[in-house]
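These notes are about the structure you will find just below.
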Amino acid sequence: MNDLVRSIGVAMKKIKKIFIICCFFMLPSCSALSSSTPAPTLAVVNQNLQAELIVEGKLVPEKDIKIVSMVSGKIEEIFVSENQIINQDEIVIQIEGIEKLNAQIQSAKLELLKARKDLEKLNRTAELEFNNAQLNLSQAELDLIKAKEAYSPFDSSNYQEKIDNAKIDVNDAEVDLEKAQDNFEPYKDLDQDNLLRKQFEKIVEEKQDILDKLKRGRDHLIQSRELALATLNLSETAVDEARYQFELKQDGPDKDLLELVNAKVEAAQSNLDASEYLLRTIQIQSPISGKVVQKFVDIGDQVVMGQPLLVIIDDTNWFVETVDFTELDLTHIEEGDRVLLKADAYPDLSIDGEVESISQWFYEKSGDIHYQVRIKVLDIVPEFRWGLTFEVTVP
């Protein structure tokens, strides 16, 4: 039909050219006629042969959704039937495994609740932790002062001299003990009641007692200084740690602990999200409100990932889509134009339509460039069915 309209337009242009040429050649003959003889007048009729533009399209709903299985398994429940009206988020099909997954979700919720409570407690007690850290730092610094004071007497030349003298006394006592033992040696095998044996043995015991006492004195001096030094070192370490903890808590909760607790919250939330996502894959909900127009499975069927389950349409509005408009036809139509629609199945029914959109993408068919046009049907009738063929007339 479009080709016919264009052929008529071309023919009209040729007729106009022939008419102009004929008039051009007739002018000299007309000038030779007597002025007294009236010249015949040519009556030119301007006929507007603009024809209607007619194309064909298919009826489609506002939305159509094909629901496919996201997992493999057995169909446990089907809650809808064909031609049933359903609401958005309504459960339509359930695949086996719901009990186990519900248990996982409850466990994930408890884990998330515990992690959030830990985070809340950490934030709530941040000020208390800061005050405790400040108190601990003050106490550690006070202990360090005491440790320095306690170590001060040991960190002197006089005290070192005492240790050196004590070591000398121990060495001298060891020499005296050796001499006493040497003197006792000739008498040690005599009878225990022998007076000489008893006398030299007593001297050995006295020298041993003196040596033991001197060793204890020397060791006490050394250990006292080492203990004071160890206490000082420990106090310095305690101050460093207390200052580190204080600085950590100056800007709120402990950063390391806060990072750890936040990580636990995120992990718990991820576990819950993953479990709820798995739930949605086996307890399938409708993404739109509309009508179930096709059901591919029955209860007990085994399905695989990607297998179609249902087709749902939103038939709130209907549209006619066509790709019959060529690039030349676009000069006769634009968005917002009114058109006339007729269904092949109902030829006596004329319906108004409005051009909603003209695609920017093109299709090449039989050497011509075509564009998809979407036309909103303004009058909806119960007889509408997806896929009906419509004739679109552009006035």
Item to check | Amide H contacts of Val92 (H built 1.01 Å from N, under 5 Å, at least 5 apart or other chain) | outcome: Ile284, Gln285, Ser286
Checklist entry - What's the tally of Lys pairs in the range 139-204 whose alpha-carbon atoms lie under 20 angstrom apart, where the two lysines are 8 or more places apart or on different chains? => result 6
Next on the checklist: Show me, bin by bin at 5 Å from 0, the whole-percent P(r) of the range 81-150 based on Cα pairs.
Outcome noted: 3, 11, 8, 9, 8, 8, 8, 7, 6, 6, 5, 4, 4, 3, 3, 2, 1, 1, 0
Checklist entry - Once the range 325-395 is represented by equal point scatterers at the alpha-carbon sites, with solvent omitted, what log10 I(q)/I(0) does the Debye formula produce at q = 0.18, 0.22, 0.23 Å⁻¹? => result -0.75, -1.02, -1.07
Checklist entry - Which helices of the chain meet both criteria: a Cα extent of 20 Å or more along the helical axis and a mean Kyte-Doolittle score no lower than -0.5, with helices taken as whole DSSP H segments? => result 2-31, 126-151, 255-282
Checklist entry - Given that compact globular proteins tend to follow 2.2 N^0.38 Å, what is the ratio of the alpha-carbon Rg of the chain to that value? => result 2.53
Checklist outcome for this item: Computed over the chain, the relative contact order (Cα-Cα under 8 Å, seq sep at least six) in percent reads 31
Next on the checklist: Using 10 Å bins from zero, what percent of all Cα-Cα pairs in the range 96-198 falls into each bin?
Outcome noted: 11, 13, 11, 11, 11, 10, 9, 9, 9, 4, 0
Checklist entry - For Ser138, Ser81, what's the fewest-to-most ordering of other Cβ within 10 Å of each Cβ? => result Ser81, Ser138
Checklist entry - Sorted by mean Cβ packing within 10 Å, highest first, what order do the peptides 309-315, 265-271, 278-284 take? => result 309-315, 278-284, 265-271
Checklist outcome for this item: The convex hull of the Cα atoms of the range 235-338, divided by residue count, gives a volume in Å³ per residue of 327
Next on the checklist: Straight-line reach from Lys255: which aspartates and glutamates fall under 19 Å, measuring Cα to Cα and dropping same-chain residues less than 8 apart?
Outcome noted: Asp118, Glu120, Glu127, Glu129, Asp240, Glu241, Glu247, Glu266
Checklist entry - Amide H to amide H, which residues 5 or more places from Arg385 or on other chains are under 5 Å from it, using H placed in the peptide plane? => result none
Item to check | Long pairs among Lys74/Lys295; Lys66/Lys295; Lys66/Lys109; Lys74/Lys291, criterion Cα-Cα beyond 20 Å | outcome: Lys66/Lys109; Lys74/Lys291
Checklist outcome for this item: Cross-link reach from Lys114 to lysines, straight Cα distance under 18 Å and at least 8 residues apart if same chain, gives Lys264
Checklist entry - Among His332, His220, what is the fewest-to-most ranking by other Cβ atoms within 10 Å? => result His220, His332
Item to check | Shape call, the range 269-395: gyration tensor on alpha carbons, a/c limit 1.5 | outcome: prolate
Checklist outcome for this item: Taking the chain and counting helices only, DSSP H stretches of n ≥ 4 at -39,500 (n - 2.57) each over all residues, the nearest-500 ellipticity at 222 nm comes to -18000 deg cm²/dmol
Item to check | Residues Asp89 and Lys255, FRET efficiency given R0 of 51 Å [Cβ-Cβ distance, rounded to 0.05] | outcome: 0.80
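None of the figures in this text is laboratory data; all of them are computed from the coordinates on show. Predicted model only: the values in this text are computed from it and were never measured. Positions of Cβ are backbone-derived with ideal geometry, glycine not excepted, and every protein chain shown enters the neighbour counts.
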